[in-house]
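**Q** Could you have a look at this structure, given as structure tokens, before my questions?
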Amino acid sequence: MADPRAFQQKQLDFAAHIRDPEHRPAPPGVEDRRMAVYRELFFNNLNTLLRSTFPVLRDVLGDAGWRALVRDFMVHHRAHTPWFLEVPRELVDFLAARPDGWPPFAAELAHYEWAELALSVATETDDLSAVDPAGELLAGVPVKSVLAWPLSYRFPVHRISKEFQPAAPGPQPTCLVVYRKADDELGFMELNALTAALLERIADNAAGRCGRELLLALAGEIGYADPQVLVGHGQKALEDLRAGGILLGTRSTSCRMS
């Protein structure tokens, strides 16, 4: 009877060679022509899966750099999911954990590109039963879509390309929101720091404060000289967010006018 431990070791050697053929020899007794089929099959499948999710990162790295990244991922990362659509997220985590050797913005750019994939397949849905889509955003409680994801990065990830590759973070964080419309079309909006802070408060508005209250509270927190002026600016920001589908409308509530 064959020793099961020997068979298991051959499987381990087989997998190790496929991951890292330059440094891990193939199991003895296997013809290299046959091993080459598996080496190419596994690498190409992973390469195809990842490059469709990270087209900008792939373009920035170039073909050689991209293939080096995929190989490094194969060699050093152990995936914790059997789902193909979750593997790109593991590359994001891999880049965050092993930033050396790649552009300083690589992990953030990968996260931004991954967010588009994740949002496109998200199964969450908005409950519109208690939402007035035309509600007054200052007097009512603004309601954020669950398919609108606020994001913040050190680098301007939405502008990075082969021609624009910043060597250092910007002076201020880059605040974005990616969102999926009712027709499933994806979009993004760049936010200034105040609008990003307002959207964060809308998302965490467990107390059910109306738009005016949220803006007045924000004015107090940042020491804004004239809170009513901020309310005016904030109303325009709220309308822009609703026009983009990031805000769905309002839930009615009474609002203190202080």
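The values are calculated or read from the model by the stated rules, or taken from the named source; none is laboratory data. All values reported here derive from a predicted model rather than from experimental measurement. Backbone-built Cβ (ideal geometry, glycine too); neighbour counts: all protein chains shown. Calculation scope for accessible area: heavy atoms of the full protein, side chains included, ligands and nucleic acids excluded. Shrake-Rupley method; radii C 1.70, N 1.55, O 1.52, S 1.80 Å.
**Q** Can you compute the modelled spin-label distance between Ala64 and Arg251, with each label point 7 Å from Cα toward Cβ, in nm?
**A** Placing both labels 7 Å along Cα→Cβ, they lie 5.7 nm apart.
**Q** So what's the angle, to the nearest 10 degrees on a 0 to 90 scale, between helix 32-51 and the longest Cα principal axis of the chain?
**A** Between helix and principal axis, roughly 10 degrees.
**Q** Treating the angle as unsigned and between 0 and 90°, give the value, to the nearest 10°, between the Cα long axis of helix 211-222 and the longest Cα principal axis of the chain.
**A** Helix 211-222 sits roughly 80 degrees off the main axis of the chain.
**Q** What is the extension gain from Gln228 to Asp204, computed as 0.36 nm multiplied by their sequence separation minus the C-alpha to C-alpha distance, in nm to one decimal?
**A** On the way: separation 24, 0.36 × 24 = 8.64 nm, distance 2.25 nm.
Stretched fully, the Gln228-Asp204 segment lengthens by 6.4 nm.
**Q** Considering the alpha-carbon set of region 184-258 alone, what are its Rg and its Dmax in angstrom?
**A** Rg then Dmax for region 184-258, in Å: 12.5, 41.
**Q** Heavy-atom accessible area per residue, the chain, 1.4 Å probe: how many Å²?
**A** Values: 14700 Å² over 258 residues.
Accessible area per residue, the chain: 57 Å².
**Q** So, counting K/R as plus one and D/E as minus one, what does the shell of residues with Cβ under 12 Å around Ser52 add up to?
**A** So the environment of Ser52 carries a net charge of 0.
**Q** Quick one: Cα centre-to-centre distance for region 56-75 and region 224-246, in angstrom?
**A** Region 56-75 and region 224-246 have Cα centres spaced 42 Å from each other.
**Q** Also, quick follow-up: Okay, helix-only estimate at 222 nm for the chain: each DSSP H run of n ≥ 4 adds -39500 (n - 2.57), divide by all residues, round to 500 deg cm²/dmol; what do you get?
**A** Calculated mean residue ellipticity at 222 nm is -16000 deg cm²/dmol.
**Q** Name the residue farthest towards the positive end of the dipole of the chain from the options Pro27, Val60, Leu85, assuming +1 on Cβ of Lys and Arg, -1 on Cβ of Asp and Glu, about the Cα centre.
**A** Going by the charge dipole, the pick is Pro27.
**Q** If you don't mind, another one. Quick check: from the Cα gyration tensor, does region 99-258 come out rounded (a/c under 1.5), prolate or oblate?
**A** Working: a/c = 2.74, a/b = 1.49, b/c = 1.84.
Cα axes put region 99-258 in the oblate bin.
**Q** Now for a different question. Would region 81-189 count as rounded, prolate or oblate if I go by the C-alpha gyration tensor, calling it rounded below 1.5 in a/c and otherwise prolate when a/b exceeds b/c, oblate otherwise?
**A** Oblate is the answer for region 81-189, as a/c is 1.5 or above yet b/c matches or exceeds a/b.
**Q** If you roll a 1.4 angstrom probe over the protein chains with everything in place, what fraction of the accessible area of the chain belongs to carbon and sulfur, to the nearest %? Display every interim value, and only then the final one.
**A** Working: 8070 of 14700 Å².
Carbon and sulfur: 55 percent of the exposed surface of the chain.
**Q** Sticking with this structure for a sec: So between Ala139 and Glu86, what do we pick up on full extension, going 0.36 nm a residue minus the alpha carbon distance?
**A** Full extension of this stretch gives 15.0 nm more.
**Q** Modelled label-to-label distance, Ala96 and Ala79, 7 Å Cα→beta-carbon offset: nm?
**A** Between Ala96 and Ala79, the simple spin-label model gives 1.9 nm.
**Q** Right, another one. Express the relative contact order of region 69-219 as a whole percentage, based on alpha carbon pairs under 8 Å and six or more residues apart in sequence.
**A** Value for region 69-219: 21 percent.
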